[in-house]
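Shown next, in structure tokens, is the structure this report addresses.
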Amino acid sequence: MGMLDVEAIRRDFPILGKKVHGKPLIYFDNAATSQKPRQVIEAVENFYRSQNANIGRSLHELAVTATEAYEEARKIVSAFIGALPEELVFTKNATESINLAAYSLLASGLLPRGSEIVVTRMEHHSNLLPWQQVARLAGASLKVVEVDDEGRLLLDDLERKVTDKARVVAFTHVSNVTGVVNPVEEVCRVAHEHGALCLVDGAQSVPHLPVDVRRIEADFLAFSGHKMLGPMGIGGLFIRRELAERLEPPFPGGGAISLVDCSETSCTAEWLAPPHRFEAGTPNVAGAVGLAAAVEYLSRVGMERVELHERRLTEKALKVLEELGVIVYGPKDLRDRAGVVSFNVPGLTPHEVAQLLDMEGIAVRSGHHCALPLVKRLGAPMGTVRASFYLYNTVEEVEAFGLALEKIVKLAST
Ligand SMILES: Cc1ncc(COP(=O)(O)O)c(C=O)c1O
């Protein structure tokens, strides 16, 4: 497998030519959102310039073109994760995808009173709070699987906590704080052994490594378009076909039904087949078209190559951080982690470090990363500084980051 031609890739991303505080932008905040190549920007613009109409309703030429563009996007994006088109519901982001999964199970009576929902301590709030709320509404309870000191999932605790009462095990593929890559196939196997469904939060994995829903045997997989070169406001929820057919849509409305009839006091509806029953109302068609362009871009580069490139950058970053003697969170073993590196500089708060890096043109995130239970467990209640990489980042950028941080570490120790 050849290496990435990073310089050619960078030329596709207009924003990477920008200067920040007079310095060339080094964008290491990819776990929050990625930058967009011109192919995606042009696909969105082209939709609005020449194809815009509402979909699935009118019979005129433009409406047919727009509907076809939307359904073509569904084919491209579903194939990217190894799913069938009818198994992919377009949503606005991973958060909405997880809420849709949780509320569909609730609306379908699949979370009986006394049942259990299992999550882990390393979840993003978006994969905790919907389950907490749904558990309360259903009279079910929540169980939290613990992690070790490096933030790795404790598999023996998982085995203990997933019992025959479990109906769902919802967990992240890759941690947005430590970069820990979970053994997804094994976690789904444990869930299935107990008759529970398995929801994988792929917000940090689908953009960065090859993900195949069949290999994982996931029942649900949630992801966001904006973290994988796509536009904001579009995401996806994979729902396994046989499961989707059994689910009631929790947010029904126009475009989701084949038949509605009302008496004087009530209405009945017949749902369309999945995925349309889960997509009531006018969807983000331009977003779906843009996401398809993003997926085509990533597929052309090759996800194995993207993963390998990020691993090289992570290896370099970990070496730089170790030499500077700062506190690094997450596993030391590179095989257990993706391109996310969290650290703290003793004597400075995460926000202070992020602001000082910003003055050097380096964009990182600081704080709790919407994962408070995890940062507390890692002994960093104020949060961490997080550098996260993508296909357009370079080893030279990591070196520049190292030099900038060296100045900051010196400043902190004087
Ligand atoms: C692991 C994980 N899950 C879910 C989300 C939520 O994604 P979004 O804000 O796009 O809904 C994020 C975003 O950072 C994340 O990192």
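In segment 94-103, the condition of being within 16 Å of the ligand (Cβ to nearest atom) and touching a Lys or Arg at 6+ places or on another chain (Cβ under 9 Å) is met by at least one residue. Going residue by residue through segment 112-130, is there one that turns out to be of a type in the set (A, V, I, L, M, F, W, C) and farther than 17 Å from D201 by Cβ? No, there is no match, as no residue in segment 112-130 is of a type in the set (A, V, I, L, M, F, W, C) and farther than 17 Å from D201 by Cβ. Candidates are the residues of segment 74-100 that are hydrophobic (A, V, I, L, M, F, W, C) and more than 17 Å from R277 (Cα to Cα); the one that is surrounded by the fewest Cβ atoms within 10 Å (Cβ to Cβ) is A79. Does at least one position in segment 288-297 carry a residue that is more than 30 Å from R57 (Cβ to Cβ), under 23 Å from the mean Cα position of the chain (by Cα), of a type outside the set (D, E, K, R) and buried (at least 23 other Cβ atoms within 10 Å of the Cβ)? There is no residue in segment 288-297 that is more than 30 Å from R57 (Cβ to Cβ), under 23 Å from the mean Cα position of the chain (by Cα), of a type outside the set (D, E, K, R) and buried (at least 23 other Cβ atoms within 10 Å of the Cβ).
Pick from G361, G347: which is at pLDDT below 95 and either under 30 Å from L129 (Cα atoms) or surrounded by fewer than 22 Cβ atoms within 10 Å (Cβ to Cβ) (or both)? Of the residues listed, the single one that is at pLDDT below 95 and either under 30 Å from L129 (Cα atoms) or surrounded by fewer than 22 Cβ atoms within 10 Å (Cβ to Cβ) (or both) is G347.
Of all the residues in segment 114-132, those that are within 16 Å of the ligand (Cβ to nearest atom) and either farther than 19 Å from D164 by Cα or assigned to a strand (DSSP E or B) (or both) number 13.
Every residue, every condition in (1) of a type outside the set (D, E); (2) part of a loop (DSSP other than H, G, I, E, B); (3) at pLDDT below 95; (4) within 21 Å of P283 (Cβ to Cβ), yes or no:
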site	(1), (2), (3), (4)
E42	no, no, no, yes
E45	no, no, no, yes
N52	yes, yes, no, yes
I76	yes, no, no, yes
A83	yes, yes, no, yes
V89	yes, no, no, yes
T95	yes, no, no, yes
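Within segment 43-62, restricting attention to residues that are charged (D, E, K, R) and over 30 Å from the mean Cα position of the chain (by Cα), the residue that is nearest to R74 (Cα to Cα) is R57.
Taking segment 304-414 and the helices (runs of 4 or more DSSP H) fully enclosed by it, the elements with 3 or more residues that are of a type in the set (A, V, I, L, M) and over 29 Å from P210 (Cβ atoms) are at 350-359, 395-413. Of the residues A135, A69, the single one that is part of a helix (DSSP H, G or I), closer than 23 Å to C370 by Cβ and away from the ligand (no atom under 15 Å from the Cβ) is A135.
One residue alone among S141, S175 is buried (at least 19 other Cβ atoms within 10 Å of the Cβ) and among the hydroxyl-bearing types (S, T, Y), and that residue is S175.
Among the candidates E242, E248, the residue that is outside any helix (DSSP H, G or I) and either crowded, with 23+ Cβ neighbours inside 10 Å or over 21 Å from the mean Cα position of the chain (by Cα) (or both) is uniquely E248. Cβ separations smaller than 7 Å between residues 6+ apart or across chains give the following pairs from segment 75-104 residues that are over 21 Å from L229 (Cα atoms) to residues that are in a strand (DSSP E or B) and within 14 Å of the ligand (Cβ to nearest atom): L100/T91; L100/L237; A101/L199; A101/F220; A101/A222; A101/L237. Only a single item in (1) more than 30 Å from S366 (Cα to Cα); (2) in contact (Cβ under 8 Å) with a residue 40 or more places away in the chain; (3) surrounded by fewer than 20 Cβ atoms within 10 Å (Cβ to Cβ) is not met by H192, and it is number (2).
Of the residues making up segment 370-390, those that are within 14 Å of the ligand (Cβ to nearest atom) and either surrounded by fewer than 17 Cβ atoms within 10 Å (Cβ to Cβ) or within 19 Å of the chain's Cα centre (by Cα) (or both) are C370, A371, L372, P373, L374, V375, R386, S388, Y390. For segment 22-31, check the following and say yes or no: at least one residue is closer than 20 Å to L291 by Cα and either surrounded by fewer than 14 Cβ atoms within 10 Å (Cβ to Cβ) or not charged (D, E, K, R) (or both). The answer is yes; a qualifying residue exists. Among the candidates G302, G379, G330, G281, the residue that is more than 30 Å from G22 (Cβ to Cβ) and in contact with a Lys or Arg (Cβ under 8 Å, 6 or more places away or on another chain) is uniquely G330.
Across segment 97-135, the number of residues qualifying as more than 20 Å from G195 (Cα to Cα) and of a type in the set (D, E) comes to 1.
The values are calculated or read from the model by the stated rules, or taken from the named source; none is laboratory data. Treat the numbers as computed from the prediction; the structure is a model and nothing was measured. Every residue, glycine as well, gets a Cβ built from its backbone with ideal geometry; the counts of neighbours run over all protein chains shown.
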